[in-house]
Amino acid sequence: FTGLHVQNQSERLVQYYSLVPFWLEACKQNARDVFDLPGAVLQHGYLPPIKADVYAHTTSIWEFCMEIPAQVLKVLWDRFDYGGDEAFLADTLYPALRETAIFYQHYAKLGDDGYYHVIPTVSAEHWGWTPKLERNKDSTSALCMFRWLLNRAAEASELLGRDADLRGQWLEVANRLAP
């Protein structure tokens, strides 16, 4: 959707922007129920374009596409980035960005090699579950989107003057993700 923002047509996505706040509470519950982690996680699944009472689980494979939460929020980030609407950043985007960064920060685990790893993850375009999670570790898409989201959350945190205590933690994980 970046092209729409570049062309100053962000208004074409107005319904999309409302979905994230509608789903945020269900996504927070999803992080607790499925992963026993704080924050929020919006994965593949069906969430209607209305306020969700519960998170609808459809398939375990797509619920481990760890890049999806960041991909969803990138659409909202682009609206802010290309339009500069700080009220939108503060009121609509940052709450979801913050909760997803908290989830990502806790989902990534520090390995013996000194890097944070994203395990398990399922690359949406390539694999389902593989024996011994052979191809379910540190997918390029998950690592890239973890880094992108954690850096954007830290950037927004600084711009808005919020969550300085979390900002350093997010940057620590982003800067030490597996290569």
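The values are calculated or read from the model by the stated rules, or taken from the named source; none is laboratory data. None of the values given here were measured: they were computed from a predicted structure. Neighbour counts are summed over all protein chains in view; Cβ atoms, including those assigned to glycine, are modelled from backbone coordinates with ideal geometry. For the accessible areas, the whole protein counts, side chains as well, though only heavy atoms, and no ligand, DNA or RNA atoms are used. Shrake-Rupley method; radii C 1.70, N 1.55, O 1.52, S 1.80 Å.
Report, by residue number, each residue of region 80-129 that is modelled with pLDDT under 95, open to solvent by less than 20 Å² (accessible area, probe 1.4 Å) and not small (Gly, Ala, Ser). If the condition is that a residue be modelled with pLDDT under 95, open to solvent by less than 20 Å² (accessible area, probe 1.4 Å) and not small (Gly, Ala, Ser), then Thr121, Val122 are the ones that fit. If you go through region 5-38 and keep only what is over 17 Å from Thr92 (Cβ atoms) and either of a type outside the set (D, E, K, R) or at pLDDT below 90 (or both), you end up with Val6, Gln7, Asn8, Gln9, Gln29, Asn30, Ala31, Val34, Phe35, Leu37, Pro38. Checking each residue of region 36-50 against the condition of being aromatic (Phe, Trp, Tyr) and either within 23 Å of Asp165 (Cβ to Cβ) or buried (at least 20 other Cβ atoms within 10 Å of the Cβ) (or both) gives no match. Taken together, the criteria place Arg147 among residues that are under 25 Å from Tyr17 (Cα atoms) and without any contact (Cβ under 8 Å) to a residue 40 or more places away in the chain.
Checking the stated criteria, Pro69 turns out not to satisfy the condition of being surrounded by fewer than 16 Cβ atoms within 10 Å (Cβ to Cβ) and in contact with a helix residue (DSSP H, G or I) (Cβ under 8 Å, 6 or more places away or on another chain). When region 130-159 is filtered for residues that are open to solvent by 50 Å² or more (accessible area, probe 1.4 Å) and part of a helix (DSSP H, G or I), the ones remaining, listed by number, are Pro131, Lys132, Leu133, Thr140, Cys144, Arg147, Arg152, Glu155, Glu158, Leu159. Here Ala56 meets the list (1) more than 28 Å from Pro131 (Cβ to Cβ); (2) open to solvent by 60 Å² or more (accessible area, probe 1.4 Å) almost entirely, failing just condition (2). Considering (1) small (Gly, Ala, Ser); (2) without any contact (Cβ under 8 Å) to a residue 60 or more places away in the chain; (3) in a loop (DSSP other than H, G, I, E, B), the lone condition that Ala124 does not fulfil carries the number (2). The numbered conditions (1) in a helix (DSSP H, G or I); (2) free of Cβ contacts under 8 Å to residues at least 24 places away in the same chain are all true for Ile119 except (1). Consider region 93-116 and keep the residues that are outside any helix (DSSP H, G or I) and of a type in the set (Phe, Trp, Tyr). The one that is farthest from the chain's Cα centre (by Cα) is Tyr115. Restricted to region 77-123, and to residues there that are of a type in the set (A, V, I, L, M, F, W, C) and in contact with an Asp or Glu (Cβ under 8 Å, 6 or more places away or on another chain), the residue that is nearest to Ala153 (Cα to Cα) is Phe80.
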